[in-house]
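In what follows, a structure is listed as structure tokens, so that the remarks can point back to it.
The values are calculated or read from the model by the stated rules, or taken from the named source; none is laboratory data. A quick note: this is a predicted structure, and the numbers were derived from the prediction, not measured. Note that we place each Cβ from the backbone using ideal geometry, even for glycine, and neighbour counts take in every protein chain shown. To get the accessible areas, we keep the full protein, side chains included, count just its heavy atoms, and leave off ligands, DNA and RNA. Shrake-Rupley method; radii C 1.70, N 1.55, O 1.52, S 1.80 Å.
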Amino acid sequence: HYEMGYYTAYKHLAGEDLDLVAHLGDYIYEYGPATDRTRKHNSAEIITADDYRNRYALYKTDPLLQQAHANFPWAVVWDDHEVDNNYAGLVPEDKQTKEEFAKRQKFAYQVYYEHMPLRKSVLRGGGVEIYRRLNFGGLANFYMLDTRQYRSDQPCGDGSKPACPESLDAKQTMMGSAQEQWLTQGLRQSSARWNVMAQQVMVAPADAVAGAEQRFSMDQWNGYHAARKRFLESVRDSKAANPIVLTGDIHTNWVHDLKPEFYKESSPVVATEFVGTSITSGGDGSDVRPTTATVLAENPHIKFFNAQRGYVRCSLTTDRWQTDFRIVAAVTKPDEPISTRASFVVENGKPGAKRV
């Protein structure tokens, strides 16, 4: 979010020795300008193709972002703010008709394609089909997923709430049936050492209420309980080597053991989820929050949480995956130093992350 701070993390990222940058969405924000921010957006909320083009132009004036693009190839997927906050398929967040929003979404997808490093092959059927696989020899397959364009509307009116009949409905989908089948087939056929699913919203649940009551974000995978179970069971049943999920969206750092049944101790760990924080969204952030202790106590599958800005650096070999959570202390002032807040390792053939 350009308004929320300086892109200092991109400066440090540009100085790393990287082979690939995976950007998991919210490259721009669609909002109009706010008065209490570090920087200012250049128009009211964006609606038209020219609005979207001007917003990308603003973001790309930042020299630190320019350097990060110049130094490395990027693999990109969108989330919601490239179009409209918390949209689901053709369902907008705010008061727009379906026809108005369909037009806005088409503009947004077209302009995203114009401004981001994407191959022409994503243009299909008059639209942009952004889910795709990137193969890196025998070391890794990256499955770049789209959890916005094909999803069902958020259940139970969105927000944070207990599970409801709609969130448990088997008809709810996060990826749509075609993308689900494509991913399942790809995992089954994979001979790569690491199988990396890069996507937008948190897979693991995070209950922040102490005691028996539970509340979850309906915009995340927990609002799509049956779809998540299908997803994780397909990962398990595919027998693909070393599944890793890379996640964005939530502006915070997390490490999760992924299980088909998260609150059953006997349910096996089938993959590891690394959730990366934002470059600026959310402002300066903090190491912990008032709810951190409760979240860690209520959710045994959560191994780590941090709420500062930065990026996630991952190193892959045939035997080991290491994730370093790189953070800056503040983004409301420039030139802050970078540090590593925590590091976790996944060993080949041993599901689950261990802190090092």
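Tally Lys and Arg at +1 and Asp and Glu at -1 over the other residues with C-beta under 10 Å from the C-beta of residue 308: what net charge comes out?
+1
Roughly what % of Cα-Cα distances in segment 217-317 sit above 18 Å, to the whole percent?
Percentage above 18 Å: 53.
Which one of 194, 254, 182 has the biggest mean-square fluctuation once the chain is modelled by GNM with Cα springs under 10 Å?
With Cα springs under 10 Å in the chain, the top fluctuation among 194, 254, 182 is at 182.
Among the GluC sites (Glu not before Pro) in segment 1-41, which ones are in a DSSP loop with at most 12 other Cβ atoms within 10 Å of the Cβ? Mind listing them?
Hits after loop and neighbour filter: nothing returned.
Averaged across orientations, what area in nm² does the convex hull of the alpha carbons in segment 75-198 project?
9.1 nm²
Per DSSP H run of n ≥ 4, the term is -39500 (n - 2.57); total these for the chain, divide by its residue number, and report the mean residue ellipticity at 222 nm rounded to 500 deg cm²/dmol.
Computed ellipticity for the chain at 222 nm equals -7000 deg cm²/dmol.
Could you grab the Rg to Rh ratio for the chain? Cα atoms only, Kirkwood for Rh.
Expressed as Rg/Rh, it is 0.93.
Once both labels are modelled 7 Å past Cα along the beta-carbon direction, what's the residue 339-residue 103 spacing in nm?
5.2 nm
Contour minus end-to-end for residue 164 and residue 16, with contour as 0.36 nm per residue of separation and end-to-end as the Cα-Cα distance?
Net length gain for the segment: 48.8 nm.
Taking Cα pairs under 8 Å and at least six residues apart, what relative contact order does segment 256-352 come out at, in percent?
26 percent
Summarise the accessible area of the chain (1.4 Å probe, protein heavy atoms) by the percent that is carbon and sulfur.
After summing per-atom areas, the C and S share lands at 50 percent.
For the residue pair residue 171 and residue 60, what label-to-label distance in nm results when each label sits 7 Å from Cα along the Cα-to-beta-carbon direction?
4.2 nm
Would you tell me the accessible area of residue 64, worked out with a 1.4 angstrom probe on the heavy atoms of the protein chains, in Å² to the nearest 10?
50 Å²
Can you pick out the pairs among 106/354; 171/259; 120/259; 60/303; 98/333; 171/264 whose Cα atoms lie more than 32 Å from each other?
Among 106/354; 171/259; 120/259; 60/303; 98/333; 171/264, the Cα-Cα distance tops 32 Å for 106/354; 120/259; 60/303; 98/333.
By the 4.7 Å beta carbon criterion, which cysteine residues of the chain come out unpaired?
314
At a probe size of 1.4 Å, how large is the accessible area of residue 338, to the nearest 10 Å²?
40 Å²
Nearest 0.05, what FRET efficiency do residue 133 and residue 318 give at R0 = 25 Å with Cβ-Cβ as r?
Between residue 133 and residue 318 the formula returns 0.80.
Could you grab the relative contact order for segment 1-127? Cα pairs under 8 Å, six or more apart, rounded to a whole percent.
Answer for segment 1-127 is 28 percent.
Counting heavy atoms of the protein chains only and a 1.4 Å probe, report the per residue accessible area for segment 1-74 as a whole number of Å².
Value for segment 1-74: 44 Å² per residue.
How big is segment 13-164 in terms of Cα radius of gyration and Dmax, in angstroms?
For segment 13-164, the Cα-based Rg and Dmax read 16.8, 50 Å.
Under the definition of Cα pairs under 8 Å and six or more residues apart, what whole-number percent is the relative contact order of the chain?
Once divided by the residue count of the chain, the mean separation gives 15 percent.
With labels modelled as points extended 7 Å from the Cα through the Cβ direction, what inter-label distance (nm, one decimal) is found for residue 95 paired with residue 286?
The answer from the label model is 3.6 nm.
How big is D for segment 260-318, in µm² s⁻¹ as a whole number, if Stokes-Einstein is applied with the Kirkwood radius of its Cα pairs at 10 °C and 1.306 mPa s?
Here the translational diffusion coefficient equals 115 µm²/s.
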